[in-house]
Each structure stands twice: as structure tokens, then as C-alpha cells.
Amino acid sequence: MVTIEQVTKLREYADISFEEAKAALEETDGDILEAIVNLEKKGKINAPRGGGNYSTASEGDKAQQENAGTGGAPQPEKDSASFGELVGRFFRWCGRVLHKGNINSLEVIRNNEKLMTIPVTVLVLLLLFIFWITIPLMIVGLFFGYSYRFAGPDLGRDKVNKAMESVSEAAENFKKEVKGDKSDGTHSDN
């Protein structure tokens, strides 16, 4: 038996008269979905754009059907990406980091002459894997008159290089104090 609610639902969707809706539902024994398909086949309503599908369930009914297998607990919306997409994002991120590390470099300078240029990527690898050699060598280098500065579009900024210069100056001042030199260049005998 066809109810008024079923006829009303079909009329809302299909934009047809009451009589047409009732007749379509009677043909399908009250199955709204089948009535929509039949009306579509007869050309009385248009098919959904892009293929699509029909559902006669209200929004609340849809949520209950989706949560039926989870004990009624609402499921979070799937904002996450697939594993392949995550791996792809990770490799793109790694590529960007490597590119930035390769276009920026650390310059080793002595007597205002650039002796060596090391890409930041190589410097990071040295610091990660053999830091017990790299850091002491850099510190000892400061006491032998070597200075370091960064060059490149991302690290070659004044703030970074001023910090590097202040470290070099501190090492030079410490070296003078150890030798016992006065600030005017003369030697003090205490």
C-alpha cells in the first residue's frame, strides 16, 4: 500500500504531479527508488548529472546505515590520504629539503680568501654521522684563523652571518687572552 509520505517524497524529488507519483509507486509496490528509475526510463525525470545514484533515505537514516557496522559510533570523515599519496608527499618534501640544502652552502674563509665551499646538505650529513670530528675541527679552525659564513638564497642573510662573525671574533679574543696579548697588540708579561 502506498502512503502519502512516499508520494510526497517522490514528488519532492521528481517534480511530478500527485497522480503520477502515486501511479509510479503503485507500479513498484511503494519502492521509491524503483519508481524513480522507472520514471527516468520513461523520460519523465532527468538522470542525475555525472552518473550519480539515488537514495531515498533521509540524512539521519544515512548516518545510521553508515554507522551500523561500527556499533553506532560515528565514523570520522576521511580527510586522510592513501599510503601512496603520503609516500609521494614525503618524497616531494625530501626533494625540496635537498634542493634548499644544495643551493645554500657554508664557506670556509681564511685571511679574507675563500678556501672551501661545502653544500649545507653535506654539512648536515657530517654533523649527523661524524659530529665528534666535525664540531671539534670547526672549533679548532676558529683558533687557527679560519672563519665560516653561509651563502645562498636562504641562509646567506646578514643575521646568520653576523652570528658567525661574532663567534669568530670571540674565538680570536679568547686566543689573544690565552697568549696574554693586550688589546693594543703589545705583549704583557705577568
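Brief remarks follow.
- Here Gly95 fulfils each of the conditions (1) more than 22 Å from Leu127 (Cα to Cα); (2) surrounded by fewer than 11 Cβ atoms within 10 Å (Cβ to Cβ); (3) modelled with pLDDT of 90 or more apart from (1).
- Pairing each residue of the stretch 1-25 that is under 17 Å from Gly43 (Cα atoms) with any residue that is among the aromatic types (Phe, Trp, Tyr), provided the two are 6+ apart or on different chains, yields C-beta distances under 9 Å for Arg11/Phe18; Tyr13/Tyr54.
- Strands (runs of 3 or more DSSP E) within the stretch 100-190 that include 1 or more residues modelled with pLDDT of 85 or more and exposed (fewer than 13 other Cβ atoms within 10 Å of the Cβ): 113-119
- Of all residues in the stretch 143-168, none that is outside the structural domain of Met116 (by TED's automatic domain parsing) has its Cβ atom under 8 Å from the Cβ atom of a residue that is in a loop (DSSP other than H, G, I, E, B) and surrounded by 14 or more Cβ atoms within 10 Å (Cβ to Cβ), 6 or more apart or on another chain.
The values are calculated or read from the model by the stated rules, or taken from the named source; none is laboratory data. In this text, all values refer to a predicted model and were calculated from it rather than measured experimentally. Cβ: placed from backbone, ideal geometry, glycine included. Neighbour counts: every protein chain shown.
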